[in-house]
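Chemist: Right, I'll just put the structure down here and ask away after.
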Amino acid sequence: MKSEWPDQLLGVRMGWFYLAVAIVSEVIATSALKSADGFTRVGPTTLVFIGYIVSFYFFSLSLRTIPVGVMYAVWSGVGIMLMSLIGIFYFRQVMDLAAMVGIAFILVGVGVLTLGSRTIVE
């Protein structure tokens, strides 16, 4: 009898890889959204649409192995953190203490969810 364990492990790893691609492409698209200036600039607007299409495609692929609640929490939490860093370092936005504490709570929650949850996809 052949064990399914290696295939399942690879599937879960691929799910996390797909989720990482979804997060990165969503962050790129959201960053371009600010530069698109209300969809009046062609280059950034094109990047917005392509980035979101790629993001949702890979988001859907990760749903095969990662439960939707866990996946969405990680997607949004990591996206919030990355967009905050881009806002600070690229767009020169200033973040107050309450915003930093709130983001820290989100990241702790995502960490607890991903490291402590034994939720599976059926």
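The values are calculated or read from the model by the stated rules, or taken from the named source; none is laboratory data. Note that the structure is a prediction, hence the values are computed from the model and not measured. No Cβ is skipped: glycine too gets one built from the backbone with ideal geometry, and neighbour counts run over all protein chains shown.
Chemist: Take Phe91 and decide whether it is aromatic (Phe, Trp, Tyr) and farther than 25 Å from Arg13 by Cβ.
Modeler: Yes: the conditions hold for Phe91.
Chemist: Would you confirm, using the coordinates I've provided, whether Tyr18 is at pLDDT 95 or above, surrounded by 14 or more Cβ atoms within 10 Å (Cβ to Cβ) and either more than 23 Å from Thr114 (Cβ to Cβ) or not charged (D, E, K, R) (or both)? Don't jump to the end; show me each part of the working.
Modeler: Numbers: at pLDDT 95 or above: no; surrounded by 14 or more Cβ atoms within 10 Å (Cβ to Cβ): yes; either more than 23 Å from Thr114 (Cβ to Cβ) or not charged (D, E, K, R) (or both): yes.
No; evaluated as a whole, the condition is false for this residue.
Chemist: Using beta carbons and a limit of 7 Å, which pairs, at least six apart or on different chains, have the first residue in region 28-51 and on the phi > 0 side of the Ramachandran plot and the second one part of a helix (DSSP H, G or I) and surrounded by fewer than 19 Cβ atoms within 10 Å (Cβ to Cβ)?
Modeler: Phe39/Thr45
Chemist: Which residue out of Leu97, Leu115 is surrounded by fewer than 12 Cβ atoms within 10 Å (Cβ to Cβ), at pLDDT 90 or above and over 16 Å from the mean Cα position of the chain (by Cα)? Quick ask: steps written out before the conclusion?
Modeler: Working: Leu115 fails: at pLDDT 90 or above.
None of the others qualify; the one that does is Leu97.
Chemist: Val54: surrounded by 15 or more Cβ atoms within 10 Å (Cβ to Cβ), modelled with pLDDT of 90 or more and of a type in the set (A, V, I, L, M), yes or no?
Modeler: Answer is yes for this residue.
Chemist: Specify the residue that is surrounded by the fewest Cβ atoms within 10 Å (Cβ to Cβ); the eligible residues are those in region 21-37 that are farther than 30 Å from Val112 by Cβ and either modelled with pLDDT of 95 or more or touching a Pro at 6+ places or on another chain (Cβ under 6 Å) (or both).
Modeler: Ser35
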